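These notes concern the structure reproduced below.
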Amino acid sequence: MNNQIKLLDNSTINKIAAGEVIERPASVIKELIENSIDALSSFITIEIKDGGKNYIRVTDNGIGISPKYIELAFLRHSTSKINGVDDLQSLSTLGFRGEALPSIASVSQLELITRTKDNIGGVRISINGGQIIEKNEIGCPIGTTIILKNLFFNVPVRQKFLKSDAAEASNVSDIVYKLALGNPGIKFKFIKDNKVILNTPGNEDIKSTAYSLLGKEFVSSMFDIEYSGDDIKINGLVCKPSFTRGNRNHQYTYVNGRYIKNEDITEIIEDLYKTLIPINRFPVYIIYINISPELIDVNVHPTKTEIRFSNKEALKKILSNAIKSTFFNNTLIPTVTLPT
Ligand code: ADP
Ligand code: MG
């Protein structure tokens, strides 16, 4: 270091920023799928080879990108999802920072093919380490396909930190499963090394989606929960006390379609099960919370897996009552008959 301060060039800025959100193939997949969900797709196909290190493809049938905006999509802080900070209050999309595409493009060899319904043809653009190398018209269906090769080819330090193909593939699977489970209205197909690993029905139905992802025993071991209020709706599945796990890997919470981790929610649910299940066992659950965007803040963490609720206490009460009434309906909470 010396004492000459200078502004870094764009390609360096993008590569450094990529470090925040793009750590491994699974983080690329998360960002690409979230973009496909935001684009209102009803069918998303994810394909990886070699754990995603050498090949990643995400294809959707969403709204596509207009030819005039394609270059802009790869510029840092350019987004179609918000106009200003006020829009964060009513955010209905998973993305809003405009960082994923430029970050991903700066550390890989990428090809994007896209078409909107207003164009009879599509556009294909190739980008190598952040540099556009080719752009042409192409015939293609409405929607977007992104193909990525050689992730981190120009950032050897990152490449070195990647784990085995099998370990990276398992991280990717985990993300795909979580996003598929969180979006039962979207059909997901996941192909790993030329084999189809999963197919969800995309029919909005939680049980058949959970069946396709987690199996028959899982679904038949769950109770439904449901609550509907003015600005909050909760539904989902919570386990019968006989169906617990030795870890928390099957605890899924979604808020407005976003997979989140929230200790308060875990605590409320685990408390309710405390007297029903053995020590060191954990309940299994899938909880979907649909809440007015004004009542949450998602701009807390770069990966957006943590959110803040403006009225935590009210949420706790509602969730706890919803589960208690399911327990009650299934006679897990004994009723006391008073002598007349
Ligand atoms: P963000 O999602 O935060 O807006 P991204 O860098 O992920 O930022 O994407 C930049 C923009 O590119 C998006 O705002 C969107 O307009 C467009 N885009 C990206 N992926 C898709 C897609 N699969 N379908 C349609 N538009 C997309
Ligand atoms: Mg995005």
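A few points about this structure:
This table checks each residue for (1) more than 16 Å from the chain's Cα centre (by Cα); (2) surrounded by 16 or more Cβ atoms within 10 Å (Cβ to Cβ); (3) closer than 20 Å to Val219 by Cα.
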| residue | (1), (2), (3) |
| --- | --- |
| Phe243 | yes, yes, yes |
| Lys261 | no, no, no |
| Asp264 | yes, no, no |
| Asp271 | yes, no, no |
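- Screening Phe153 on (1) closer than 30 Å to Asp9 by Cβ; (2) part of a helix (DSSP H, G or I) shows it passes everything except condition (2).
- Residue match in region 125-134 (condition: in contact with a strand residue (DSSP E or B) (Cβ under 6 Å, 6 or more places away or on another chain), at pLDDT 95 or above, within 10 Å of ligand 1 (Cβ to nearest atom) and not aliphatic (A, V, I, L, M)): no
- Residue, nearest to the chain's Cα centre (by Cα), within region 75-107, restricted to residues that are more than 16 Å from Lys30 (Cα to Cα) and of a type in the set (Gly, Ala, Ser): Ser92
- Scan of region 60-105 for residues that are away from ligand 2 (no atom under 16 Å from the Cβ) and buried (at least 16 other Cβ atoms within 10 Å of the Cβ), ordered by number: Asn61, Ser66, Pro67
- So Leu237, is it of a type in the set (A, V, I, L, M), surrounded by 18 or more Cβ atoms within 10 Å (Cβ to Cβ), within 16 Å of ligand 2 (Cβ to nearest atom) and not in a helix (DSSP H, G or I): no
- Meets criteria (more than 16 Å from Val300 (Cα to Cα) and at pLDDT below 95) for Gly84: yes
- Among the residues making up region 42-59, a single one is surrounded by fewer than 19 Cβ atoms within 10 Å (Cβ to Cβ) and in a helix (DSSP H, G or I): Asp50.
- Residues (more than 24 Å from Asn290 (Cα to Cα), assigned to a loop (DSSP other than H, G, I, E, B) and either of a type in the set (Ser, Thr, Tyr) or near ligand 1 (Cβ under 8 Å from one of its atoms) (or both)) located in region 80-110: Gly98, Glu99, Ser108
Yes/no per residue for (1) more than 21 Å from Arg258 (Cβ to Cβ); (2) assigned by TED's automatic domain parsing to the domain that holds Glu71; (3) surrounded by fewer than 18 Cβ atoms within 10 Å (Cβ to Cβ); (4) at pLDDT 95 or above:
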{"site": "Asn150", "(1), (2), (3), (4)": "yes, yes, yes, yes"}
{"site": "Glu168", "(1), (2), (3), (4)": "yes, yes, no, yes"}
{"site": "Gly185", "(1), (2), (3), (4)": "no, yes, yes, yes"}
{"site": "Ile191", "(1), (2), (3), (4)": "yes, yes, yes, yes"}
{"site": "Gly215", "(1), (2), (3), (4)": "yes, no, yes, yes"}
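The values are calculated or read from the model by the stated rules, or taken from the named source; none is laboratory data. All values derive from a computational prediction rather than experimental measurement. Note: ideal-geometry Cβ built from the backbone for every residue, glycine included; neighbour counts use all protein chains shown.
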